[in-house]
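**Q** First, the structure itself, so that you have it in front of you.
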Ligand code: URA
């Protein structure tokens, strides 16, 4: 077997054999296949696709590149959620403790933000003392004692994906449905969860810009999960506008705590509850009542224990950026569009995100929204507040915003896009 013949097969629109797939993933993980060869293969896959048989084998080979976790010793059923990434997507923060408060165990291996989309670990690291990197034994202990754990995946889990994802990120090959589906599902299957709910984002702020592509990605991932014995469902959810009223690390933690305290924006509450119901259903806990667990403070209790268990202080004051800049509404009327991608890029440019994996992020940086699509606004009222420690970034961030919103004359009819657009099981 050699890398060139594997690349040629896919370049010429052929089907990769199971032997070719097993060999290329293993040889790439061991360093025998070079980065430039794997990037040529990834580009051929992006351009020519893979069928479901190839995707299933590719996923299995990535799982086999590392260890598999096992939660069978836990007394509670395990259930997890994975989002394909968006702007203001802080849902994991209230969701994991909420589902744990309803009786499930939630092993939430999370990632960092890259580009305009935020990452759960970056958000939680804005809580003083909180540690993302814990051992597998610590992870099991936090899960067992609190019911939920959010942490970084260990180096042993799907190492082929770690290497390949970093390569795709710098070679324009992230947006390939077979590669996204196998990347996400290899980690989730290796993690060993019994049930999985996929939050597949669709819209300007998501990888999938159209509902057709989101459907294709969702059904590919649901099939991979189901065929591996993981009860898997997907919700296709709107990412044309940011979720909630904040995009940025500490800003989003603050908003998540508001939700756990019984307040917070309606779209964040609605999506948190919709995903919680799906996770509990998939775990066989059909009688659980997540609405009650949010209202009676039991989800907040789990949150506090979960944060403390990883060294965080749930009562600590969250970091606030040193400088603010307010963007005002240029006219009066109805806000008909506030673009997730524009807001995400602005938050990233303010310091909330990173351009390269090794870059630091600013905990307090980001964008606060003062209106959502459908709201009536008055000329001169605050529309957005930009936060950063480095005011020289304001101009760069503002450059992402001129085309990010539309205000129509008062009385214009506005039809909101529902947060949950479709369900695929
Ligand atoms: N998230 C992942 O884990 N992998 C991808 O390829 C895209 C999003």
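Each reported figure results from applying straightforward, stated rules to the coordinates on display, with no laboratory input. Keep in mind it's a predicted model, so treat the numbers as computed, not measured. Positions of Cβ are backbone-derived with ideal geometry, glycine not excepted, and every protein chain shown enters the neighbour counts.
**Q** Using the 2.2 N^0.38 Å rule of thumb for compact globular proteins, work out how segment 11-91 stacks up: its C-alpha Rg over that value, please.
**A** Dividing the Cα Rg of segment 11-91 by 2.2 N^0.38 Å gives 1.43.
**Q** Can you tell me the 0 to 90 degree angle between the C-alpha axis of helix 136-146 and the longest principal axis of the chain, rounded to 10?
**A** On a 0 to 90 degree scale, this one is about 50.
**Q** Given the C-alpha atoms of segment 282-344, compute the convex hull and give its volume per residue in Å³.
**A** 254
**Q** Here's another thing I want to ask about it. With both partners inside the chain, how many of the DSSP beta bridges are antiparallel, as a percent to the nearest 5?
**A** Among the beta bridges of the chain, antiparallel pairing accounts for roughly 55 percent.
**Q** Please compute, over every Cα-Cα pair in the chain, the percentage with a separation greater than 37 angstrom.
**A** 23
**Q** Quickly rank 221-231, 307-317 as a protection proxy: mean count of other C-beta atoms within 10 Å, highest first.
**A** Result, highest mean first: 221-231, 307-317.
**Q** Relative to the first principal axis of the alpha-carbon coordinates of the chain, what is the inclination of helix 35-48, with its axis defined by its Cα atoms, in degrees from 0 to 90 and to the nearest 10?
**A** Value to nearest ten degrees: 80.
**Q** What is the calculated FRET efficiency for residue 318 to residue 355, with r their C-beta to C-beta distance and R₀ = 25 Å, to the nearest 0.05?
**A** The computed FRET efficiency comes out at 0.55.
**Q** Ok, one more. Have a look at segment 357-404 and give its Rg and Dmax from the Cα atoms, expressed in angstrom.
**A** In Å, with Rg to one decimal and Dmax whole: 13.2, 42.
**Q** Please build a GNM for the chain, connecting alpha carbons under 10 Å apart, and tell me which residue among 83, 39, 256 fluctuates the most.
**A** 39
**Q** To one decimal place, what Kirkwood hydrodynamic radius in Å is obtained for segment 323-408 from all pairs of distinct Cα atoms?
**A** Computed over Cα pairs of segment 323-408, the Kirkwood hydrodynamic radius comes out at 13.1 Å.
**Q** Using only the Cα atoms of segment 54-133, construct the convex hull and provide its projected area averaged over every direction, in square nanometres to one decimal.
**A** Taking a quarter of the hull surface, the average projection is 7.4 nm².
**Q** Using the alpha-carbon centroid of each, what span in Å lies between segment 166-244 and segment 282-310?
**A** One Cα centre to the other: 25 Å.
**Q** Where the centroid of each part is defined by its Cα atoms, how far is segment 105-160 from segment 395-425 in Å?
**A** Spelled out, the Cα-based centre of one part sits 31 Å from the other.
**Q** Could you work out how far the C-alpha centroid of segment 12-52 sits from that of segment 372-394, in angstrom?
**A** Between the Cα centre of segment 12-52 and that of segment 372-394, the gap is 45 Å.
**Q** Which residues among segment 401-417 fall inside the zone where the amide N is under 19 Å from a point 7 Å beyond the Cα of residue 378, along Cα→Cβ?
**A** 407-412
**Q** Tell me, Kirkwood radius of segment 268-418 from alpha-carbon pair distances, in Å?
**A** Across segment 268-418, the inverse of the average 1/r is 18.4 Å.
**Q** Now for a different question. Compute log10 of I(q)/I(0) for segment 238-357 with the Debye formula, placing one identical point scatterer on every Cα and leaving out solvent, at q = 0.21 Å⁻¹, to two decimals.
**A** -1.33
**Q** What whole-number value in cubic angstrom gives the convex hull volume per residue for the C-alpha atoms of segment 3-49?
**A** So the per-residue hull volume is 59 Å³.
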